[in-house]
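Structure record follows, encoded as structure tokens.
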């Protein structure tokens, strides 16, 4: 048994999702009805267009199949929990950001297994897809993502004072856990890290920048306002790297499959902070 991948990583991800649930209320889900245009625009860009752009990139890019699958895993991941914080810094619609992060995170129980299995079938010539069960992957995703979110929401509902006090600390712990998971993934591949980064760094950078640019201009035309445009752009740039690393590790055993999630996770904070800085200069 690998203690890091079999115990620490799932527990870290479960806590991060629990912390997300602590900050959710029923109004975050009702916002889908109140702001349908903004929500469905953000959802379409992140759930459908992001994986499509990623697939086009890995098909035309000279990249190893394992790294290509890794790129698809990070593209399939929902928005990262830090997107809410950066949206606030950029003076965007934080409420919409929370709704997008929460609902797309819950939907990923279905979307990630489908995207990953389809990608394996289309991008590799091996029979690895025969060894991957859609049902078991969805079950694992449900246990590690959905259940902790629901528990967090229930804790907030029935112990609201404690939850309100603990939530800020939980978010800080979540950020620390994400950093530790990221560093652990990089350390595990330290012998080949330079080679892997050379292969996956540029393609993940292009994916991140292109997707943020598409989201920005799409939201400029279709979103209801500037705050919503900012939110949707950041949501489409920040992915849940911890979840992507968990999927790559639990399904494929880590290795090269983890590298795109690691490179993307490092890159996305740089590009998002640059975006926040530019937006704050303009607004």
Name the helices (runs of 4 or more DSSP H) wholly within the stretch 1-65 that hold at least 2 residues that are closer than 30 Å to residue 154 by Cβ and more than 15 Å from the chain's Cα centre (by Cα)?
-> 9-22, 26-34, 36-43
When residues of the stretch 165-198 are limited to those that are out of contact with any helix residue (DSSP H, G or I) (no Cβ under 8 Å at 6 or more places or on another chain) and at pLDDT 80 or above, the one farthest from residue 64 (Cα to Cα) | 165
Could you please find all residues in the stretch 197-253 being surrounded by fewer than 24 Cβ atoms within 10 Å (Cβ to Cβ) and not in a helix (DSSP H, G or I)?
-> 224, 225, 253
Kindly indicate whether any position in the stretch 77-99 is within 19 Å of residue 198 (Cβ to Cβ), crowded, with 23+ Cβ neighbours inside 10 Å and in contact with a helix residue (DSSP H, G or I) (Cβ under 7 Å, 6 or more places away or on another chain).
-> no
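Here is a yes/no grid of residues against (1) in contact (Cβ under 8 Å) with a residue 24 or more places away in the chain; (2) crowded, with 20+ Cβ neighbours inside 10 Å; (3) touching a strand residue (DSSP E or B) at 6+ places or on another chain (Cβ under 8 Å):
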| position | (1), (2), (3) |
| --- | --- |
| 10 | yes, no, no |
| 16 | yes, yes, no |
| 23 | yes, yes, no |
| 32 | yes, no, no |
| 40 | no, no, no |
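The values are calculated or read from the model by the stated rules, or taken from the named source; none is laboratory data. Quantities reported herein were computed from a predicted structural model and do not represent experimental measurements. Cβ sites come from the backbone with ideal geometry, for glycine too, and all protein chains shown count toward neighbours.
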